[in-house]
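Everything on this sheet refers to the single structure shown next.
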Amino acid sequence: MSHGYQRPQRELDEAIRSIARDGSPASSRLDKCRIRKMGLEVFMVDLHVGFDANQQASQRLAHDIAHAVKDAVPRAKTGVADVLVAYRTG
């Protein structure tokens, strides 16, 4: 029995990573993308985005980018209800 459309995990992972890359500076990297299913078609996501050690990203810039990525993923109709974005250098 089907409970509606369920996006395959790999496709969802690739979509989230693409959205996160589009919302982050070229000097950043996506270190981790953890997707947890909550219910039938709702997902929670933890993203870890890193900056190179020589990147001079201010706390304000990191905060702004985190919010942009956090807002963009659910807005893209991915089935993701919430995104936690953590930034670090190194």
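Numbers for the structure displayed
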read-out: For peptides 37-44, 70-77, 12-19, sequence by mean Cβ density within 10 Å, most packed first; value: 12-19, 70-77, 37-44
read-out: Within the stretch 11-89: Cβ-based charge dipole about Cα centre, in debye rounded to nearest 20 (Lys, Arg +1; Asp, Glu -1); value: 120
read-out: Taking the stretch 11-89 and dividing mean pair separation by its residue count, relative contact order in percent (alpha carbons under 8 Å, at least six apart); value: 34
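None of the figures in this text is laboratory data; all of them are computed from the coordinates on show. Being a predicted model, the structure only gives us computed values, none of them experimental. All Cβ positions, glycine included, derive from the backbone under ideal geometry; neighbour counts span all protein chains shown.
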